[in-house]
Amino acid sequence: MTAVLLMVAGSIGALLRYEMELAVRRRTVSEFPRGTLIINVSGSFALGVLVGLAAHRGIPTTVVVVVGTGLLGAYTTFSTFSFDTVSQAGRGQWRAAAVNVGASLVLGLGAAAVGLVIGQAL
């Protein structure tokens, strides 16, 4: 049953990522991959909250696996982040590539930490 729930959650996460990317592209005009950054940072935050809740409120392991691995694993995207960064570097946009890496790491880790604190406090 967990495998089926994982597949369903993964499908939902992929659709959410797609819709979020489209929404960001409609609202911004930039070669900087803002959609990917927003998706990965918000997913890191949500995973932090989930882990905090699991550690301090006894969320069942199945829920953590389905939501964390399925939904959020499909929602966030390391491969797109990597592709965006390599593409920027390939076009000679070294500064944008470096900003993308730095912002993704700092904001993603920060969002996960804030989410973890919030999850522990709930």
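The values are calculated or read from the model by the stated rules, or taken from the named source; none is laboratory data. In this text the structure is predicted, and so the values were computed from the model without any measurement. Don't worry about glycine lacking a Cβ; one is built from the backbone with ideal geometry, like all the others, and counts go over all protein chains shown.
Overview of values
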item: Failed item in (1) free of Cβ contacts under 8 Å to residues at least 40 places away in the same chain; (2) assigned to a helix (DSSP H, G or I), with ILE59 passing the rest; result: (2)
item: Residue pairs meeting the criteria (Cβ under 7 Å; at least 6 apart or on separate chains; first free of Cβ contacts under 8 Å to residues at least 12 places away in the same chain, in segment 20-47; second among the hydroxyl-bearing types (Ser, Thr, Tyr)); result: ARG34/THR28
item: From SER104, SER82, residue being free of Cβ contacts under 8 Å to residues at least 12 places away in the same chain, part of a helix (DSSP H, G or I) and of a type in the set (Ser, Thr, Tyr); result: SER82
item: Boolean, VAL86 is under 22 Å from GLY115 (Cα atoms), more than 14 Å from the chain's Cα centre (by Cα) and of a type in the set (A, V, I, L, M, F, W, C); result: no
item: Which listed residue is surrounded by 19 or more Cβ atoms within 10 Å (Cβ to Cβ) and not aromatic (Phe, Trp, Tyr), from ALA89, ALA121, ALA103, ALA46; result: ALA46
item: Top-ranked residue in segment 85-98 [being without any contact (Cβ under 8 Å) to a residue 60 or more places away in the chain, assigned to a helix (DSSP H, G or I) and small (Gly, Ala, Ser); ranked as farthest from GLY35 (Cα to Cα)]; result: GLY90
item: Qualifying residue in segment 69-78 (condition: among the hydroxyl-bearing types (Ser, Thr, Tyr), at pLDDT below 95 and surrounded by fewer than 19 Cβ atoms within 10 Å (Cβ to Cβ)); result: no
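For every residue, the table says whether it meets (1) under 25 Å from GLU31 (Cα atoms); (2) in contact with a helix residue (DSSP H, G or I) (Cβ under 9 Å, 6 or more places away or on another chain).
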position	(1), (2)
SER42	yes, yes
PHE45	yes, yes
LEU53	no, yes
GLY58	no, no
LEU71	no, yes
TYR75	yes, yes
THR80	yes, yes
THR85	yes, yes
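For (1) surrounded by fewer than 18 Cβ atoms within 10 Å (Cβ to Cβ); (2) among the hydrophobic types (A, V, I, L, M, F, W, C); (3) modelled with pLDDT under 95, each residue gets a yes or a no:
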| position | (1), (2), (3) |
| --- | --- |
| MET20 | yes, yes, no |
| VAL29 | yes, yes, yes |
| LEU37 | no, yes, no |
| ASN40 | no, no, no |
